[in-house]
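Read-outs: derived from the displayed coordinates by stated rules, not from any lab. Predicted model, so just to flag it, every value in this text is computed and none were measured. Using ideal geometry, Cβ is built from the backbone for each residue, glycine included, and neighbour counts are taken over all protein chains shown.
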Amino acid sequence: MSHNYDLLIVGGGLTGNCLALALQQSGLTIAIVEASHREQVVNSPAGERALALAAGTVEVLKNLGIWAGLDAIATPIEHIHVSDQGHFGKTRLSAKKEGVAALGYVITARALETHLLNLLADSNVTHYCPAHITDLVSQANEVKATLKHATETLSLSAKLAVGADGGQSSVRDLLSIGQSKIDYQQTALVTTVTTEISHQYTAYERFTASGPLALLPIAVNQCSVVWTRTHQQAQTLMQGSEEEFITALQHCFGYRLGVLQLSAPIRAFPLSLIRADQLTAGRTVIIGNAAHQLHPVAGQGFNLGLRDVMQLADYLTVLAQHGKDIGKADYLTAYAHARRQDHNKIIHFTDSLVKLFSSDNLPLSFVRNCGLTLLDHQPYMKSQLARHAMGWVND
């Protein structure tokens with residue numbers, strides 16, 4: 001059986017669903033192919049991870065009509081406290097001093113995923129779920145996809161296909177798009193802690209010789225923890241008891257929030273910088289984690305992916321309004337070129353932070369601590385850093 005659409009989105013996660021919602025008024029016929037049942041997505045342990053949404057990202061979600069209903073369950077970041085373990089350097093950012101309500105917000109992936117699925121349930125987007133794509137071929141005037149849907153094999157065609165299917169992208173693999181990879185030799189340990197002292201809506205970033213430690217406010221007296229360790233350190237902590245983990249975490253972070261207690265399982269994720277060699281191939285474009293995977297040090301992964309979504313949605317809406325072929329190579333090349341500067345800037349910024357702050361080299365430690373201290377006393381420089389944290393990198 002064959003089905004024809006204007007746009008085929010492979011991947012019904014955060015990025016793919018946001019793209020479909022951004023194009024609701026475009027007049028394009030849209031289908032989403034998602035490998036997991038809704039129940040699997042909503043109940044996945046990955047849904048417990050906290051997303052740090054930059055203020056600029058929240059503005060985008062507001063413009064899309066997505067933020068309504070999320071503001072009541074998202075936790076604002078009113079302050080950011082950056083420090084270097086065992087050294088004097090620190091800097092502090094304040095939403096009040098920047099004249100904004102919040103520098104960003106923290107929300108669980110599950111809350112955002114559930115909200116997006118509910119919004120899409122009332123849209124005219126066609127869903128194939130659970131289904132997985134097995135073949136993808138670009139032709140002169142359309143792209144043809146073969147997928148397994150329940151017990152059926154279906155053929156879909158579209159003017160354009162978008163790979164929004166994450167780091168293990170089947171679209172990227174089917175198109176033989178290569179990747180460059182930097183293995184940071186680090187593992188992120190992710191969990192949630194209850195704090196004895198209120199976080200006062202403060203996000204903490206503490207740099208250590210083994211990698212950064214972030215505590216993000218997510219509820220009253222609760223913080224999401226993203227703790228970067230070497231592979232060996234992470235393995236030792238995962239194999240030890242909860243008491244040993246908390247003792248080590250407390251030693252690394254200190255007692256600024258009082259005694260910490262675990263309130264969620266600990267999960268481990270190896271860290272790399274991965275970037276696709278190209279964003280387009282034939283009548284297909286890849287976005288979000290299918291195109292780039294970042295170190296969590298600056299919390300920019302989803303924020304960068306959402307900017308992919310919005311720029312692509314803007315391109316496609318204008319093309320549709322003028323009756324243009326949305327899958328034409330010239331248009332896709334223009335999109336890829338337009339995204340390059342933002343990708344380069346964020347990837348370089350994130351990679352530089354990892355290299356600068358994941359080192360116990362004494363001269364480098366001295367320089368970075370002097371830099372943090374100087375930054376803390378330079379309002380203009382702090383404001384520029386705050387704007388970067390808020391996602392306003394192109395202003």
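For residue 9, the residues 5 or more places off, or on other chains, whose built amide H falls under 5 Å of its own are 31, 32, 33, 162.
With only Lys, Arg, Asp and Glu charged, each at its Cβ (+1 for the first two, -1 for the last two), find how big the charge dipole of the stretch 153-303 is about the Cα centre; round to the nearest 20 debye. All intermediate terms of the calculation are to be shown ahead of the outcome.
Values: 9 positive and 9 negative charges, 100 e Å.
Magnitude of the dipole: close to 480 debye.
Projecting the Cα positions of 323, 341, 309 onto the charge dipole of the stretch 289-347 (unit charges on Cβ atoms of Lys, Arg, Asp and Glu, taken about the Cα centre) puts 341 furthest along the positive direction. Each Cα pair under 8 Å and six or more residues apart adds its sequence gap; the mean of these over the residue count of the stretch 163-287 is a relative contact order of 39 percent. Averaged over residues, the count of other Cβ atoms within 10 Å places the peptides 187-193, 152-158, 336-342, 4-10 in the sequence 4-10, 187-193, 152-158, 336-342, highest first. As a length-normalised measure over Cα pairs under 8 Å and 6 or more apart, the relative contact order of the chain settles at 22 percent.
In a fully extended conformation the segment linking residue 152 and residue 310 would gain 53.5 nm over its present Cα-Cα distance, using 0.36 nm per residue. Set the Förster radius R0 to 35 Å, insert the Cβ-Cβ distance between residue 262 and residue 132 as r into 1/(1 + (r/R0)^6), and round the FRET efficiency to 0.05. That pair, residue 262 with residue 132, gives E of 0.45.
Taking the C-alpha atoms only, the angle from helix 109-121 to the longest principal axis of the chain is near 20 degrees. For the stretch 2-78, GluC sites (Glu not before Pro) are listed when DSSP marks them as loop and at most 16 other Cβ atoms sit within 10 Å of their Cβ; the list is empty. Put simply, when 63-72, 274-283 are sorted by average Cβ atoms within 10 angstrom per residue, most first, you get 274-283, 63-72.
Residues whose amide H comes within less than 5 Å of that of residue 84, counting only those at least five positions distant or on another chain, are 89, 207 (H built at 1.01 Å from N in the peptide plane).
The phi-based Karplus calculation (6.51 cos²θ - 1.76 cosθ + 1.60; θ = phi - 60°) puts the 3J(HN,Hα) values of the stretch 50-66 at 8, 9, 8, 8, 5, 4, x, 5, 4, 4, 4, 5, 5, 5, 7, x, 8 Hz, whole numbers, x for Gly and Pro.
If R0 is 30 Å, the Cβ-Cβ spacing of residue 348 and residue 230 corresponds to a FRET efficiency of close to 0.80. Please give the helix 329-357 orientation as an angle from the longest Cα principal axis of the chain, in degrees from 0 to 90, rounded to the nearest 10. That helix lies at roughly 20 degrees to the long axis. Amide H to amide H, with H built 1.01 Å from N, residue 77 comes under 5 Å of 103, 104, 105, 106, counting only residues 5 or more places away or on other chains. Each of (1) 61, 60, 42; (2) 63, 45, 39; (3) 126, 72, 43 is a candidate for Cα extents along the principal axes in Å; the one calculated from this structure is (2).
The GNM of the chain, with springs linking C-alpha atoms under 10 angstrom apart, assigns the highest mean-square fluctuation among 127, 251, 79 to 251. Look at 115, 149 and count the other Cβ atoms within 10 Å of each Cβ; fewest to most, that gives 149, 115. Net charge dipole, the chain: roughly 680 debye, given to the nearest 20, about the Cα centre with Cβ charges of +1 for Lys and Arg and -1 for Asp and Glu.
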